[in-house]
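Every number here is computed from the coordinates shown, using simple stated rules; none is lab data. Keep in mind the model is a prediction, meaning the values are calculated, not measured. Heads up, the Cβs are rebuilt from the backbone with ideal geometry, glycines too, and the neighbour counts pull from every protein chain shown.
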Amino acid sequence: MAIDKKWTISNIITISRLILLPFIVYFLLQKMSIIAFIFMLVSLLSDAIDGYIARKFHQESNLGKFLDPLCDKISLAVVLVTLLLINAVPSWMVILIVARDFLILLGSYIILRQRSVVFKSNLWGKITGFLFGGTILAFTINFRSAGMLLLYITIPIMMITFVTYVQRYILKMKGEI
């Protein structure tokens, strides 16, 4: 059940990820990868914590369902572009992931406007997010081979999630769910 209260603890934790973002970018640009790694790890852990708190304390809200993936996708895009600027990741990786996330956000926005529905993340989305996190962390501390391995594991799962989202959007627009 979704609540109407906007400023829940879980939503504040979600927004804190955006507050951490300039620090992550700064430390990456300054080639202080361990500190950037720590900030990213805190951000990734807060992503897991906010969802747990929302469910545990019945703070799930439509705002939170929209804000959490939005913050995830903004954070991911900014970090990926920053890693690209410092030549830590391949450009095709950034294009693939950012394009996919943009299309998911666009679909979510259309569904929200047309049907007033915000979909919760599904299991595939959570798995993809976890793998993205590991991939980014590996590239951040210059474990390029581990990052590439995780990326190649992530790509098929990323495509499964994308197809799942598209299917849900189409079914919702047709009024079948």
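Scan K73, K56 and give me the residue that is surrounded by 14 or more Cβ atoms within 10 Å (Cβ to Cβ) and among the basic types (K, R). Outline the logic, then answer.
Details: K56 fails: surrounded by 14 or more Cβ atoms within 10 Å (Cβ to Cβ).
Result: K73 is the single residue among K73, K56 that is surrounded by 14 or more Cβ atoms within 10 Å (Cβ to Cβ) and among the basic types (K, R).
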Which of the residues belonging to the range 106-116 are surrounded by fewer than 16 Cβ atoms within 10 Å (Cβ to Cβ) and in contact (Cβ under 8 Å) with a residue 12 or more places away in the chain? I110, L112, Q114, R115
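Pick from the range 132-143 the residues that are over 13 Å from the mean Cα position of the chain (by Cα) and in contact (Cβ under 8 Å) with a residue 12 or more places away in the chain: which of them is surrounded by the fewest Cβ atoms within 10 Å (Cβ to Cβ)?
Going residue by residue through the range 132-143, those that are over 13 Å from the mean Cα position of the chain (by Cα) are 137-143.
Filter again for in contact (Cβ under 8 Å) with a residue 12 or more places away in the chain, leaving 137-142.
Working: L137: 19, A138: 21, F139: 25, T140: 26, I141: 15, N142: 10.
Taking the candidates together, the pick is N142.
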Just to be sure I understand, how many residues within the range 1-56 are touching a residue at least 12 places away in the same chain (Cβ under 8 Å), over 18 Å from the mean Cα position of the chain (by Cα) and under 21 Å from T82 (Cβ atoms)? 6
Scan the range 47-64 residue by residue and report those that are farther than 24 Å from L112 by Cβ and among the hydroxyl-bearing types (S, T, Y). Y52
Limited to the range 59-75, what total is found for residues that are charged (D, E, K, R) and not in a helix (DSSP H, G or I)? 1
